[in-house]
């Protein structure tokens with residue numbers, strides 16, 4: 001009897017430990033959980049991933065290929081309880097940072113994850129390095145947990161393919177100024193310079209193109225940060241020489257333009273000064289002519305008196321006077 005009683009007590013303890021206490025669980029603050037019953041995840045009836053905002057920009061064939069059900073998401077908190085035939089899948093939704101050259105399937109690829117090789121439109125090999133920030137999409141946990149075997153590997157491959165396509169077809173925005181007014185356009189044929197000057201635009205393009213990653217693979221890209229684009233060493237030296245020469249030419253052109261502008265300003269000022277001097281000499285003559293015309297209109301006696309007074313003033317200032325005598 002004691003043996004049977006001990007076996008009974010042991011069975012009860014084993015049952016409580018494995019099927020009651022083991023069924024109690026919690027979800028951390030930066031986690032979300034999904035419950036499966038006999039291997040089937042609990043779903044929201046009538047709702048799919050195509051109803052999320054990230055799926056709006058997908059093509060029609062992609063919408064049919066990446067059609068996933070929306071799941072019942074267990075929020076952070078607890079304690080929760082599950083039955084023995086139920087399984088809990090926890091996922092961290094914290095934002096993570098990853099080197100964009102990292103290959104989850106082959107860590108030795110891309111020079112051991114140091115940089116990505118890409119070819120520009122003018123057939124120049126470049127090495128790109130940077131980071132991406134991502135997090136698991138809470139609205140599409142089915143794709144992350146059950147739809148894709150290794151979601152981060154798919155996202156990295158998708159990101160790199162878009163990045164290489166962008167680098168291969170990138171053209172710098174055309175300048176609005178005319179060539180004669182914009183000497184900096186002389187280096188527009190060097191695509192590596194264009195890429196370096198427009199890193200922000202390339203990052204924005206990558207974020208726009210990868211906006212459907214959460215609908216495809218259940219991972220949402222938060223940011224793409226391309227830090228550097230470097231060509232091979234021998235090309236880097238040639239580009240440095242080209243940039244140096246271009247800077248020198250631009251400097252000489254700027255100095256010449258500044259000198260020409262200064263001379264134009266000086267010429268304008270000299271013209272204005274001479275014009276003012278001529279006006280200052282002409283104004284008294286015009287005024288005097290106007291006075292003489294008014295005197296003539298009043299009568300010849302008034303004009304004669306004015307001339308006599310002027311002569312007297314001149315005689316008072318003269319040291320010698322020569323008078324013509326009629327013979």
The lone exception for residue 137 - which of (1) over 22 Å from the mean Cα position of the chain (by Cα); (2) at pLDDT below 85; (3) surrounded by 14 or more Cβ atoms within 10 Å (Cβ to Cβ) it fails: (2)
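Could you tell me which of the residues 260, 256, 270, 224 is in contact with a helix residue (DSSP H, G or I) (Cβ under 6 Å, 6 or more places away or on another chain) and at pLDDT 80 or above?
On the way: 260 fails: in contact with a helix residue (DSSP H, G or I) (Cβ under 6 Å, 6 or more places away or on another chain); 256 fails: in contact with a helix residue (DSSP H, G or I) (Cβ under 6 Å, 6 or more places away or on another chain); 270 fails: in contact with a helix residue (DSSP H, G or I) (Cβ under 6 Å, 6 or more places away or on another chain).
The match here is 224.
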Residues located in the range 48-74, provided they are over 16 Å from residue 145 (Cβ atoms) and either loosely packed, with under 13 Cβ neighbours inside 10 Å or at pLDDT 90 or above (or both): 51, 53, 56, 57, 59, 60, 61, 64, 65
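Hey, does the range 84-100 have a residue that's more than 30 Å from residue 51 (Cα to Cα), part of a loop (DSSP other than H, G, I, E, B), over 30 Å from the mean Cα position of the chain (by Cα) and in contact (Cβ under 8 Å) with a residue 24 or more places away in the chain?
Filtering the range 84-100 down to residues more than 30 Å from residue 51 (Cα to Cα) leaves 84-85, 99.
Then keep just the ones that are part of a loop (DSSP other than H, G, I, E, B); that gives 84-85.
From the residues that got through so far, the ones that are over 30 Å from the mean Cα position of the chain (by Cα) too are 84-85.
When the remaining residues are screened for being in contact (Cβ under 8 Å) with a residue 24 or more places away in the chain, the result is 84-85.
Yes, that holds for at least one residue.
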Residue selected from the range 104-123 under the condition more than 29 Å from residue 171 (Cβ to Cβ) and in contact (Cβ under 8 Å) with a residue 12 or more places away in the chain, by the criterion surrounded by the most Cβ atoms within 10 Å (Cβ to Cβ): 113
Cβ-Cβ under 7 Å pairs, at least 6 apart or on other chains, the range 244-267 side over 24 Å from residue 193 (Cβ atoms), far side part of a helix (DSSP H, G or I): none
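The values are calculated or read from the model by the stated rules, or taken from the named source; none is laboratory data. On a predicted model such as this, the values are computed, not experimentally measured, just so you know. Heads up, the Cβs are rebuilt from the backbone with ideal geometry, glycines too, and the neighbour counts pull from every protein chain shown.
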